[in-house]
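S.K.: Dropping the structure in here first, questions after.
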Amino acid sequence: MSHPVGQDRSPGGVYSVGQVAGFAGITVRTLHHYDEIGLLVPGARTHAGHRRYTDADLDRLQQILFYRELGFPLDEVAALLDDPDADPRAHLRRQHDLLTARIEKLQQMAAAVEHAMEARRMGVNLTPEEKFEVFGDFDPDEHADEVERRWGHTEAYRQSQHRTAAYTKEDWKRLTAELDAIHGRMAGLLAEGVPADSEAAMEVAEEHRRFITGAYYDCGHELHACLGEMYVTDERFTATYEAVRPGLARYLRDAIVANTARHTAS
């Protein structure tokens, strides 16, 4: 609210409608309307009938503008100001209460906007064209709600959101290429008939775990084993790996399980 009605006032002065409009930051037409409906009748007039406003009129105008700023209709403003039981202190108390409520509401609105901004900032902020360039037919936004519902309460989710917030298109392209290369090496071992619990397969599985840790969240061996199980129980993940090479989902899972066992064995 910015209506410095009292600006440049002199004690005991009278002011023209143009001066008051300038003080209050409103139009002359508004002042004429307030006069016509009896909300703010000038306390004096010249011999020619021109409106002249006193200091008391400016005080009332300040009250009017305050209530208008808070959205009160003119008839309610008039009722408040003309209440015979209200004194200036009562108006101040009411205004303080109204301002406090407005501040609380604005703080709630600001918090909501900040939350929305943070949610947007934490997303994959790429254009549709860039998403297709980076991820192909897979759109990460389609799964964002499910991911948050399933893992939003976890530290891994919070770490992933924080780390990926600053990723650029080039970062996503690099990470996608690195993961594709890991999948390619694992698929190559599968094609060669190398056992999933072999040293070679376990090394690629360990590379896969370190990739997740570096790019998204701290992925310990036990969590990695859980991910491996999801690759064969969630048909969407299974389809992704099967598209690289048939049997890869189960092969990768088995390599991860073997790698976990060798690192967690006591």
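What follows is calculated from the coordinates using simple rules that are stated; it is not laboratory data. Remember, it's a predicted structure, so these values are computed and weren't measured experimentally. Cβ sites come from the backbone with ideal geometry, for glycine too, and all protein chains shown count toward neighbours.
S.K.: Packing-wise, with mean Cβ within 10 Å as the measure, how do 205-217, 35-47 rank, highest first?
M.R.: On the way: 205-217: 18.2, 35-47: 13.4.
Descending packing order for the listed peptides: 205-217, 35-47.
S.K.: Could you work out how far the C-alpha centroid of segment 40-65 sits from that of segment 210-228, in angstrom?
M.R.: Going from one Cα centre to the other spans 74 Å.
S.K.: Go through segment 52-64 residue by residue and turn each phi into a ³J(HN,Hα) via Karplus (6.51, -1.76, 1.60, θ = phi - 60°); whole Hz please, and just put x for glycine and proline.
M.R.: 9, 9, 8, 4, 5, 5, 5, 4, 5, 4, 4, 5, 4
S.K.: Also: log10 I(q)/I(0), Debye, Cα-only segment 197-254, no solvent, q = 0.23, 0.27 Å⁻¹?
M.R.: Each listed q corresponds, in turn, to -0.97, -1.18.
S.K.: Let me ask something else about it. Over the Cα atoms of segment 1-82, Rg to Rh with Kirkwood Rh, two decimal places?
M.R.: Details: Rg = 12.0 Å, Rh = 12.8 Å.
When Rh is taken as the Kirkwood radius, the ratio is 0.94.
S.K.: Mind sorting LYS173, LYS105 by how few other Cβ atoms lie within 10 Å of their own Cβ, fewest first?
M.R.: The most exposed by this proxy come first: LYS105, LYS173.
S.K.: Enumerate the calculated ³J(HN,Hα) couplings along segment 20-31 in order (Karplus 6.51 cos²θ - 1.76 cosθ + 1.60, θ = phi - 60°), each rounded to whole Hz, writing x wherever the residue is Gly or Pro.
M.R.: 5, 4, x, 4, 8, x, 10, 8, 4, 4, 4, 5
S.K.: Among SER198, SER160, which comes first, then next, by fewest other beta-carbon atoms within 10 Å? Don't jump to the answer; show the numbers that get you there.
M.R.: Values: SER198 13, SER160 19.
Taking fewest neighbouring Cβ atoms as first place, the list is SER198, SER160.
S.K.: Turning to a different aspect of this structure: Of the peptides 256-263, 185-192, how do they stack up when ordered by the mean number of other Cβ atoms within 10 Å, highest first?
M.R.: Output ranking for 256-263, 185-192: 256-263, 185-192.
S.K.: Explain nothing, just compute: Karplus ³J(HN,Hα) = 6.51 cos²θ - 1.76 cosθ + 1.60, θ = phi - 60°, for every residue of segment 171-185 in order, whole Hz, x for Gly and Pro.
M.R.: Each residue's phi maps through the Karplus curve to give 4, 5, 5, 5, 5, 4, 5, 5, 5, 4, 5, 4, 4, x, 5 Hz.
S.K.: Okay, next question. Which far-off residues, 5 or more places away or on another chain, put their amide H under 5 Å from the one on LEU40, with H placed in the peptide plane?
M.R.: ASP35
S.K.: So, one more: How far, in nm, would the chain grow between VAL232 and ARG210 when pulled straight, counting 0.36 nm per residue and subtracting the alpha carbon separation?
M.R.: Working: separation 22, 0.36 × 22 = 7.92 nm, distance 2.05 nm.
Extra length available between VAL232 and ARG210 comes to 5.9 nm.
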